[in-house]
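Derivation of every value follows stated rules applied to the coordinates shown; laboratory data play no part. These numbers were taken from a predicted model, which means no experiment stands behind them. Here the Cβ is made from the backbone with ideal geometry for all residues, glycine too, and neighbour counts use every protein chain on show.
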Amino acid sequence: MFRTSDLKKGDVVKIDGEPHIVETIKIQKPSARGAVTIYKIRFRNLQSKRKTDQALHGDDMFDEADFERRPVQYLYGDTASITFMDLQDYGQFTLTKEEIEDEWPYLTEGLDGIIAITSEGRVLGLQIPTFVNLEIVETIPSVKGGSVTARAKPATLSTGLVVQVPEYMAVGETIRVDTRTGDYASKA
């Protein structure tokens, strides 16, 4: 059993008998005396991929879902699916773009730290690293004299993801992207 106050990003719990992964947690501590801390948690159903937002108290309880985390490696992919290899038993499985829609823009060959969440031999979803390095493949030319903290410009990355980057960045540079928000984090 999980208490709401003990939940962390990536935990898997049962809600209405179905496995849900914790995506984000926001804690609201009221300023009034005697008020209760509220935990605003976004869950994603691992079977239907539907997101659910809930406001909970710290002592609300959840059942732990029966699942397993297994390290996997990106093998190859096309525009509709990606094939992965389980690094423990070397079995291969394929996930379609619809099944991993949120993770798709961050997946590249050679990406380390990908975890498959499985239950009863079936892959329910993927967990990817918080930060990934991606190469800029298209952006407007950098402005001479552009400062580091000045304006931002759109840049298309190697996976097709478009993010706002500082105006001094150029094609061919590698940047770190925060997979939680999809924003530029730093130069790699």
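For this structure, a couple of remarks:
- GNM on the chain, alpha-carbon springs under 10 angstrom: the most fluctuating residue among ILE25, ILE140, ILE82 is ILE140.
- For the pair GLN28 and ASP6 in one chain, pulling the backbone fully straight at 0.36 nm per residue adds 6.4 nm over the alpha carbon distance.
- Choice from ALA80, ALA65, ALA35 with maximal GNM fluctuation in the chain (Cα, 10 Å cutoff): ALA35
- Over segment 22-99, the hull volume per residue, using the convex hull of the C-alpha atoms, is 131 Å³.
- Dipole of segment 68-127, positive direction: furthest Cα of THR94, THR118, TYR76, with charges on the beta-carbon: THR118
- Cα centroid separation, segment 1-27 to segment 65-88 (Å): 22
- Net charge dipole, the chain: roughly 980 debye, given to the nearest 20, about the Cα centre with Cβ charges of +1 for Lys and Arg and -1 for Asp and Glu.
- When peptides 154-161, 123-130 are sorted by average Cβ neighbour count within 10 Å, with the highest value leading, the order is 123-130, 154-161.
- For the pair VAL171 and ASP78, a Förster radius of 25 Å applied to the C-beta separation gives a FRET efficiency near 0.55, rounded to the nearest 0.05.
- Most mobile listed residue (ASP53, ASP112, ASP89) in the chain, GNM with C-alpha springs under 10 Å: ASP89
- Kirkwood-Stokes translational diffusion coefficient of the chain, alpha-carbon pairs, 4 °C, 1.567 mPa s, µm²/s: 69
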